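Visitor: Shown below is the structure under consideration.
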Amino acid sequence: MTDRFQGKTVLVTGGAGGLGRAYALAFAREGAFLILADINEAGLAETKDMVEALGSGASVHRVDMAVEADIEALGRDVLATHARLDVLINNAGLHAGEIARGFFGLGQAKWQHFFAVNTIGPLLLAEALRPALAKAKGVIINKSSMASYNPATAYGITKASLNVLTHAMAQQFGTDDIRCVGIAPGLMATDAALGGVDPENWERLKAMQSVKRQGTADDIANLGLFLASDEGSFVNNQVILCDGGNQMRGFRI
Ligand SMILES: NC(=O)c1ccc[n+]([C@@H]2O[C@H](COP(=O)([O-])OP(=O)(O)OC[C@H]3O[C@@H](n4cnc5c(N)ncnc54)[C@H](O)[C@@H]3O)[C@@H](O)[C@H]2O)c1
């Protein structure tokens, strides 16, 4: 363990569990103060306790990333208490259920909801937090998915759109020395992912990897630590796949 994030402030959306909790604990181990945001208040309280047990501080904020007023209120709360924000991790996302199946017949309201949470919310939150990110010369990490490279579902389409937005954000926020990168996980063992894919499909997807082990939440958290750290400070405008080689499926000999 090092203290690369001592004195730094990190905001994680979707911090109530899964990958968001893994980021929170990884940054807490390295000394960061955590601002945890999610729609799931019980999960937030659990993550806060876990962060504090590691000796770091945390605040919790209920936010529905599909609701602009919630995002603006979160932005105001954070700016009122933190002059600087070093890292914004836009991790909250919808990825199970209808969004991950065929996309016909969803209707406009569902499409708009999926885009609101997975694509537009990350931009609106970054905009709301821009003054504090600029002061810290901070970094925005958007949470994509390997599904963005084969976007045959509404989920994949919202994440592919987020990749494009990540490049645009790197350009637009770059004028304030704020970096913007994306992380595109493969199949990582979180409760939500395990619950959202049937066991047969899970094994089929895992067999496509060239790295023959289960991806873990810590694999993603460790990449987040690197990208947010001084060691990663020359990386910008990139979406980094972390999928055990799943993407090379068709090219293997
Ligand atoms: N686990 C994987 O294999 C995997 C792979 C690729 C990408 N991802 C992405 O990583 C992120 C986290 O995934 P996870 O596996 O930890 O799933 P998860 O369901 O545990 O985490 C998602 C979090 O987002 C929160 N959330 C959902 N809708 C929200 C809303 N409207 N407002 C605020 N918070 C909301 C949930 O409450 C939850 O805590 C998601 O964006 C997902 O698409 C996960």
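The values are calculated or read from the model by the stated rules, or taken from the named source; none is laboratory data. Here the structure is a predicted model, which means the values were calculated and not measured. As a convention, Cβ positions derive from the backbone with ideal geometry for all residues, glycine included, and neighbour counts pool all protein chains shown. In case anyone asks, the SASA skips ligands and DNA or RNA and just uses the protein heavy atoms, side chains included. Shrake-Rupley method; radii C 1.70, N 1.55, O 1.52, S 1.80 Å.
Visitor: Let me have the relative contact order for the chain, percent, based on Cα pairs under 8 Å that are six or more residues apart.
Guide: 18 percent
Visitor: Suppose every K and R has +1 on its Cβ and every D and E has -1 on its Cβ; what is the size of the dipole of the stretch 114-220 about the Cα centre, in Debye to the nearest 20?
Guide: For this selection, approximately 240 debye.
Visitor: Here is a follow-up. Reachable lysines from LYS159, Cα under 23 Å, same-chain residues fewer than 8 places away excluded?
Guide: Correct list for LYS159: LYS110, LYS143, LYS206.
Visitor: Using Cα atoms only, what is the angle between the long axis of helix 68-81 and the major principal axis of the chain, expressed in degrees (0 to 90) to the nearest 10?
Guide: 40 degrees
Visitor: Find the accessible area per residue for the stretch 9-242; the probe is 1.4 Å, ligands and nucleic acids are left out, and the unit is Å².
Guide: For the stretch 9-242, the per-residue accessible area is 43 Å².
Visitor: Given a Förster distance of 22 angstrom, what is the FRET efficiency for GLU203 paired with ASN40, based on the Cβ-Cβ distance and rounded to 0.05?
Guide: Efficiency at R0 = 22 Å is approximately 0.15.
Visitor: When the helices in the chain are scored as -39500 (n - 2.57) per DSSP H run of 4 or longer and the sum is shared across all residues, what 222 nm value do you end up with, to the nearest 500 deg cm²/dmol?
Guide: Counting only the DSSP helices, I get -14000 deg cm²/dmol.
Visitor: LYS110: accessible area at probe 1.4 Å, nearest 10 Å²?
Guide: Spelled out: LYS110, probe radius 1.4 Å, area about 80 Å².
Visitor: From the backbone phi of the stretch 124-131, what are the Karplus-calculated ³J(HN,Hα) couplings (6.51 cos²θ - 1.76 cosθ + 1.60, θ = phi - 60°) in whole Hz, Gly and Pro given as x?
Guide: So the J values, rounded to whole Hz, are 4, 5, 4, 4, 5, 9, 3, x.
Visitor: Then there is this: Taking the Cα centre of the stretch 9-242 as the origin and placing charges on Cβ (Lys, Arg +1; Asp, Glu -1), which of LEU34, GLN238, ALA192 is farthest toward the positive end of the dipole?
Guide: GLN238
Visitor: Tell me, in nm to one decimal, what length is gained between LYS135 and ARG76 on full extension, where the rule is 0.36 nm per residue of separation less the Cα-Cα distance?
Guide: Roughly 19.7 nm would be gained on extension.
Visitor: Step by step: find N for the chain, compute 2.2 N^0.38 Å, then divide the Cα radius of gyration by it. What's the final number?
Guide: Working: Rg = 17.2 Å, N = 253, 2.2 N^0.38 = 18.0 Å.
Dividing the Cα Rg of the chain by 2.2 N^0.38 Å gives 0.96.
Visitor: Still on this model: Does anyone have the angle between helix 41-53 and the longest principal axis of the chain? Alpha-carbon axes, 0 to 90°, nearest 10?
Guide: For helix 41-53, the angle is close to 60 degrees.
Visitor: On full extension of the chain, what length is gained from ALA152 through GLU98, given 0.36 nm per residue of separation minus the C-alpha to C-alpha distance?
Guide: Residue separation times 0.36 nm, minus the Cα-Cα distance, leaves 18.2 nm.
Visitor: Further question: Sequence-distant or interchain residues sharing an amide H contact under 5 Å with ALA58, placed H: which?
Guide: It is LEU34, by chain and number.
Visitor: Further question on the same structure: Using a 10 angstrom cutoff on alpha carbons, build the Gaussian network for the chain and name the most mobile of GLY20, GLY43, GLY121.
Guide: GLY43
Visitor: If r is the Cβ-Cβ distance from GLN112 to ASP218 and R0 is 45 Å, what FRET efficiency results, to the nearest 0.05?
Guide: 0.85
Visitor: If you plug each phi of the stretch 102-114 into the Karplus form 6.51 cos²θ - 1.76 cosθ + 1.60 with θ = phi - 60°, what whole-Hz ³J(HN,Hα) values come out, in order, with x for Gly and Pro?
Guide: Karplus values, whole Hz, x for Gly and Pro: x, 9, 6, x, 6, x, 5, 5, 5, 4, 5, 5, 4.
Visitor: How much of the accessible area of the stretch 9-242, in percent, comes from carbon and sulfur atoms when a 1.4 Å probe is used?
Guide: For the stretch 9-242, the apolar C and S fraction of the accessible surface comes to 55 percent.
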